[in-house]
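What follows is a single structure, written as structure tokens, with notes after it.
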Amino acid sequence: MTDMNMDFGGVDEEGLPSFSLELRPAQASAVYSDMDMQALLVEGLHRRQIPVFDFEDGLYERLTVADNIAFYRKWFGFEVTVPELLVLFELQGCAERPLRKCSESELRRVHYAKAYIRSADLMVFREPVQGVDVLTIRVFLRLLRKIKERPAAALLLLSNLEHALLLGDLSYKLQPSGLRPIETDEEAAALSDADKTDVPASARLFRIPAKVDDKMILFDPPEIDYIESQDGKAAIIVDGETYMMDCTLAEIEKKLELYGFYRCHRSYIVNLQKVREIITWSKNAYSLRIDNKQQSTIPLSRSKIQDIQERFSLE
């Protein structure tokens, strides 16, 4: 496969801004947007006769997991054996189970296997890891590595920023004004000594203001799970609910530092008291799991992994 350039936003694509997307072999590109914009992009891909894996159909529920894998392997003339495919996609434990009795995460892994067997120079996935367990996310990352080894290109359509940063080699945000790269914090991995300040022994009590409609809500720092950047503004996340602030992430960062908050990624500040788990997806991809009802995960920059391990006294 050679590089592929696709132009969107033509006369037949009302609602999509004009933009060009370059897709390269051995590379995964993630496009983060809201669901409405994502639906328009999917329509544009269908118009170009590019299939999109959305994991909604194409499996045989009455057949077992192994029988589904065997059917698609034979249909597409795939050389890898069924036992190897079951192990590759962590399906050996449910191989003899009918699909109708499988969990959502197991079904998603069967879909991954089907996509891998089908193969293509460009593989487009819509919300590939939404609502699945950690094992299934790891399996999808494994699938991406296999796709890039062929080499083929992968395009990921996502409405979750953390997923975009985790899965994409290149990540973009699509909005009405156009497509732009999502900044990562690799270029800001190390702060200069001039930018660092000593944390005072004590900090004065304060509340963090956020807007809800025309009202202003004041949050105690300990009740906040994390803060993320949304369109240049900081957004407070409390138990899955989002509250917009009237400042940037950089402006609130130093105030929150006194209360045990940590800039774990260019786009995220986390309450360290809420961190339940450090997840290692690969040697270059990490996440933090938050102790809230949603068991939220947010990205941890690879440049911060050693620092945060030291903060938690981990070897």
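Here are the numbers for the structure shown:
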{"item": "Accessible area (Å², per residue) of the chain, counting only protein heavy atoms and a probe of 1.4 Å", "result": "53"}
{"item": "DSSP bridge pairs, the chain: antiparallel proportion in percent, nearest 5", "result": "70"}
{"item": "Extended-chain gain in nm, criterion 0.36 nm per residue less alpha-carbon gap, D239 and V11", "result": "77.9 nm"}
{"item": "Added length on full extension, which subtracts the Cα-Cα distance from 0.36 nm per residue, A95 to I278", "result": "62.8 nm"}
{"item": "Proximal charge balance of R126 [Cβ under 11 Å; K/R count +1, D/E count -1]", "result": "-3"}
{"item": "Amide hydrogen neighbours beyond the local backbone of F219, cut-off 5 Å, H modeled", "result": "I208, A210"}
{"item": "Relative contact order, percent, the stretch 4-181 [alpha-carbon distance under 8 Å, six or more residues apart]", "result": "36"}
{"item": "Theoretical gain in end-to-end length, D67 to A26 [0.36 nm per residue, Cα-Cα removed]", "result": "11.7 nm"}
{"item": "Helix-only CD estimate at 222 nm, as mean residue ellipticity for the chain, using -39500 (n - 2.57) per DSSP H run (n ≥ 4)", "result": "-8000 deg cm²/dmol"}
{"item": "Calculated FRET value between R150 and I217, using beta carbons and R₀ = 41 Å, to 0.05", "result": "0.25"}
{"item": "Nearest 10 degrees, 0 to 90: helix 134-149 Cα axis against the chain principal axis", "result": "60"}
{"item": "Rough spin-label spacing in nm, given labels placed 7 Å along Cα→Cβ, for Q130 and S303", "result": "3.1"}
{"item": "Within-10-Å neighbourhood charge of D12 [Cβ basis; K, R +1; D, E -1]", "result": "-2"}
{"item": "Rg/Rg_globular for the stretch 1-95, with Rg_globular taken as 2.2 N^0.38 Å and Rg from C-alpha atoms", "result": "1.44"}
{"item": "Convex hull projection area averaged over all views, the stretch 4-181, Cα basis, nm²", "result": "9.8"}
{"item": "The chain: proportion of alpha-carbon pairs further apart than 37 angstrom, %", "result": "24"}
{"item": "Among 267-279, 251-263, the order from most to least packed when residues are scored by Cβ within 10 Å on average", "result": "267-279, 251-263"}
{"item": "Carbon and sulfur %, accessible surface of the stretch 223-315 computed with the full protein complex present, 1.4 Å", "result": "41"}
{"item": "Reachable lysines, given that their alpha-carbon falls under 23 Å from the alpha-carbon of K293 and they are not under 8 places away in the same chain", "result": "K211, K274"}
{"item": "Calculated diffusion of the stretch 271-315, Stokes-Einstein form, Kirkwood radius summed over Cα pairs, 10 °C and 1.306 mPa s, µm²/s", "result": "147"}
{"item": "E43, E106, reordered so the largest accessible area comes first (probe 1.4 Å)", "result": "E43, E106"}
{"item": "DSSP bridge pairs, the stretch 1-159: antiparallel proportion in percent, nearest 5", "result": "30"}
{"item": "H46 - accessible surface, heavy atoms, 1.4 Å probe, Å² rounded to 10", "result": "100"}
{"item": "Whole-angstrom Cα spans of the stretch 234-315 along principal axes, big to small", "result": "37, 27, 21"}
{"item": "Cross-link table K146/K283; K148/K283; K146/K304; K74/K101, entries beyond 19 Å C-alpha to C-alpha", "result": "K146/K304; K74/K101"}
{"item": "Modelled FRET efficiency - R0 25 Å, A120 with R289, Cβ distances, 0.05 increments", "result": "0.15"}
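The values are calculated or read from the model by the stated rules, or taken from the named source; none is laboratory data. The shown structure was predicted, so the numbers you read here are calculated from the model rather than taken from an experiment. Quick reminder, even Gly has a Cβ in these numbers, built from the backbone with ideal geometry, and neighbours come from all protein chains shown. What goes into the accessible areas is simple: the full protein's heavy atoms, side chains included, and nothing from ligands, DNA or RNA. Shrake-Rupley method; radii C 1.70, N 1.55, O 1.52, S 1.80 Å.
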